[in-house]
1. Any chance you could get the radius of gyration and Dmax over the Cα atoms of region 10-104, in Å?
2. What is the order of 29, 84, fewest Cβ neighbours within 10 Å to most?
3. At 0.36 nm per residue, and after removing the present C-alpha to C-alpha distance, how many nm does the segment from residue 104 to residue 123 gain when stretched out fully?
4. Give me the distance in nm between label points sitting 7 Å out from Cα along the Cα-to-Cβ direction at residue 89 and residue 114, one decimal.
5. Counting other C-beta atoms within 10 Å, which of 100, 59 has the fewest, and how do the rest follow?
6. So for 86, 36, 10, fewest C-beta neighbours within 10 Å to most, what's the order?
7. How high is the FRET efficiency between residue 97 and residue 77 when r is their beta carbon distance and R₀ equals 22 Å, given to the nearest 0.05?
8. Assuming R0 = 35 Å, what is the FRET efficiency of residue 33 and residue 55, from their Cβ-Cβ distance, to the nearest 0.05?
């Protein structure tokens, strides 16, 4: 009996990337008529599709993290319009339900970097390198 592959399938990744590109294009061109979205540059950092392709979780980051709560609220307010716009440009049987979340991975990376730069941790890292 074959084992199930770990992680998302190639198709899920491909569809997620296609949705990401379409969303980025829609936001960049200003297709969503919203004052908050018009004032902010929004990056779509990742799209995770559900196995049945009916749900998409979209991770976004506003430029410099400015007014991220307001940007998320604007995206959520305009979700129906955005879903239709994405569905019209896709060739899937069903239009995916979109869910917008803030992408905190950049903040986590900065936090880890900050921890690694602390004198006590840096001292331990130098000791570990000397033991090789």
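1. Spelled out, the Cα radius of gyration and Dmax of region 10-104 are 12.4, 37 Å.
2. With the sparsest Cβ surroundings first, the list reads 29, 84.
3. Extra length available between residue 104 and residue 123 comes to 4.0 nm.
4. Reported label-point gap for residue 89 and residue 114 is 3.5 nm.
5. Ranking 100, 59 by Cβ neighbours within 10 Å, fewest first, gives 59, 100.
6. With the fewest neighbours first, 86, 36, 10 line up as 10, 36, 86.
7. Plugging the Cβ-Cβ distance into 1/(1 + (r/R0)^6) gives 0.90.
8. For residue 33 and residue 55, the calculated efficiency is 0.85.
Just so you know, all these numbers are worked out from the coordinates, no wet-lab data involved. These numbers were taken from a predicted model, which means no experiment stands behind them. A quick note on method: Cβ atoms are made from the backbone with ideal geometry, for glycine too, and the neighbour counts reach across all protein chains shown.
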